[in-house]
Amino acid sequence: MNQIYSRQLGILLFIFLLGSALVYVPESVITQDVWVATTLATLVGLYLLYVLLTIQEMHPDLNIMQVAELSMGRIVGKFFNLLFLWGLLMATILLLFDIVLLLQIIYPKVPSTFLTASLVLLSGYTIFKGISSGARLADLYIWLILPLLILGFAVAATLFNPMYIPPVLAKIKPIIGASIYGANWPFGEMIVIALYLPFVIDLKRNKKKLYFWFGLAALVLILRSFMVLGALYPEYLKVARFPFYEIFRLVTFQDFQRIELFFFALFISVGLGAVLIAYNALNLGIRTFFALGGGFSLVFPVGLLIIALMFNSFPSDIKYLANQANSGFLVTLPIYILYPTITLIAAKIKQKLKEKTRN
Amino acid sequence: MMIYVIILFFILCVAYSFYPLIRNKKWAELFLAIFIFLLGTLYAIQYQFDANILPQPGDLISRLDPWANSLGKFFELNF
C-alpha cells in the first residue's frame, strides 16, 4: 500500500519545515526585523506549494519529474530533472549536516560519523517500511511535536523582553536580503514534497489540508523568529549558531538546569523527520530519473553516498558556518524556484497546444 | 570510523539491494546500485585518507563565496 492522505502529507510538510529550520534561524543574517524576513520568506513557500499542487492537478498520476519530461521533451526534461536531483541531493546533505551539528553539541564525545550513519540507517529503515508507514509515523509524531512546541514557546516566553523587538521595517534592504535566505532554507527545500504528491489519494478534495499545515508551520517559524529576537538580544542573535536552542540553554527553573535536553525529543523528531523526507525524495527522484519504477534497492547505496558527500563537502563546521552557509543559497535557490516554475509553464503550454490540435 | 561505515553499508547493500536484484535479474538496476555504492565508497575513502581528488559539491558552494559576500554587502547583511 503506497498511498497516503493529504492530512498525512500536510503533517510531513509541517515536520519537514520545522526540522529544517526550527533551531536555526536562517534569516538571522540580520539582527532586527528577523520575523518580518521570515514572514516574507513564507510567501515563496506559499508560491511553491501552489505551483506544485497545480502541476499535480494537471497530471495526477505523474510526479513532477515525469511531468517535466512529458512537457519539455526527453532531452530537455532530463536536463532539468538532473538539476532537480542536484537540488534534492544538496537539500538532503545540508539537512543531515545541520542535524548532526546539533547532535554534536548534545553528544560531544560521540564521533560524527557514528551520529551521521545512525541517522541515515534510521531513515533508511523507515523508507524500507514504505511511504504509508512513514506517513503513519508522522501521524504519531505530531502528537509529540505539538505539545512540546507549545511548551517550548511557553518556556522561551520567560526570557522574552519586548524591548529587543522594536524596529519594524526600519531598513528594507536587509530584510529583503534575509528573506532570500529564508526563501531558500527552509521554504525552497520544501520542493522535496513534489515527489510525494502522486501518492496522495485525496489531493483533489483535501488540498486545503496541505495549505493548513503549511500555514501552521509558517506561523510557528515566524513566532520562532519573533521569540528568538525577543529572548536573545540582537547582538547575541548575530553570533548564536542555534538561536532557538540557545534560549533553552539560558532558561533555568529553580534547581533545574539543562532544560534544552527536555526538548531533545522535539529537535530530534523534527530533524530526523526532515532528513527522512528528503532522503526518500532523493531515492524516489533517482528511481524516476532512470525509470526504475517502485522499489527500495537504492536506499542503502544512496545512503552511503549521502554520508560520504556530506563529510567531503562540509568537513568543518567552522568553515561551513563562516562561508558555505552564506553562499549555499546561490546553488540551490534558483533550482528550487525555477524548476517547478518552468515545469508548470511547459505543462500549461503543452496542454494548450493539445487543446488547439483537438479543435 | 569511516571504514566501519563502509563495511556496514556494504553488508546492507549486499543483503537488501544487490542480492534481491540478482535474484530478480534486474541487471540495469543492479548496475546503477553498484555504481552509486562504489561512488559513495570512493568519496568515503577520500575523506578517510584526507585526499582531495574527486570533485565535491561543497567546492562549488565555496567558489560562490565572493558572490555571496557581494550580495551580503549590497543587502547590508551580517555574515
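The values are calculated or read from the model by the stated rules, or taken from the named source; none is laboratory data. What you are looking at is a predicted structure, and each value in this text was computed from that prediction instead of being measured. Glycine gets a Cβ as well: all are built from the backbone with ideal geometry, and neighbour counts include every protein chain shown.
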Original post:
Which of the residues belonging to the stretch A:231-251 are in contact (Cβ under 8 Å) with a residue 40 or more places away in the chain and part of a helix (DSSP H, G or I)?
Top reply: A:ALA231, A:PRO234, A:GLU235, A:LEU237, A:LYS238, A:PRO243, A:PHE244, A:TYR245, A:ILE247, A:PHE248, A:LEU250
**OP:** Please state which one of A:THR113, A:THR158 is surrounded by fewer than 22 Cβ atoms within 10 Å (Cβ to Cβ), within 13 Å of chain B (Cβ to nearest Cβ), of a type in the set (S, T, N, Q) and touching a residue at least 24 places away in the same chain (Cβ under 8 Å).
**Re:** A:THR113
Original post:
Looking at the stretch A:316-335, which of its residues are over 20 Å from the mean Cα position of the chain (by Cα) and either facing chain B (nearest Cβ under 7 Å) or modelled with pLDDT of 90 or more (or both)?
Top reply: A:ASN323
Original post:
Out of the residues in the stretch A:179-196 that are within 16 Å of B:PHE75 (Cβ to Cβ) and at pLDDT 90 or above, which is surrounded by the fewest Cβ atoms within 10 Å (Cβ to Cβ)?
Top reply: A:ILE180
Original post:
Where residues in the stretch A:226-259 are more than 26 Å from A:LYS319 (Cα to Cα) and charged (D, E, K, R), which of them is surrounded by the fewest Cβ atoms within 10 Å (Cβ to Cβ)?
Top reply: A:ASP255
**OP:** Only residues that are buried (at least 17 other Cβ atoms within 10 Å of the Cβ) and either modelled with pLDDT of 95 or more or not β-branched (Val, Ile, Thr) (or both): list them for the stretch A:131-141, please.
**Re:** A:GLY134, A:ALA135, A:LEU137, A:ALA138, A:TYR141
Original post:
Restricting attention to the stretch A:61-69, does a residue exist that is within 28 Å of A:VAL275 (Cβ to Cβ), crowded, with 23+ Cβ neighbours inside 10 Å, in contact (Cβ under 8 Å) with a residue 40 or more places away in the chain and not hydrophobic (A, V, I, L, M, F, W, C)?
Top reply: no
Original post:
Does A:ILE342 fit the bill of being crowded, with 18+ Cβ neighbours inside 10 Å and either in contact with a helix residue (DSSP H, G or I) (Cβ under 6 Å, 6 or more places away or on another chain) or not polar (S, T, N, Q) (or both)?
Top reply: no
Subject >> Test set (1) surrounded by fewer than 18 Cβ atoms within 10 Å (Cβ to Cβ); (2) over 25 Å from A:THR332 (Cα atoms) - B:LEU54 fails condition number >> reply: (2)
Subject >> Entirely in chain B, the helices (runs of 4 or more DSSP H) that have 1 or more residues that are more than 30 Å from A:GLU235 (Cβ to Cβ) and more than 7 Å from every other protein chain (Cβ to nearest Cβ) >> reply: B:2-13, B:19-23, B:27-48, B:57-63
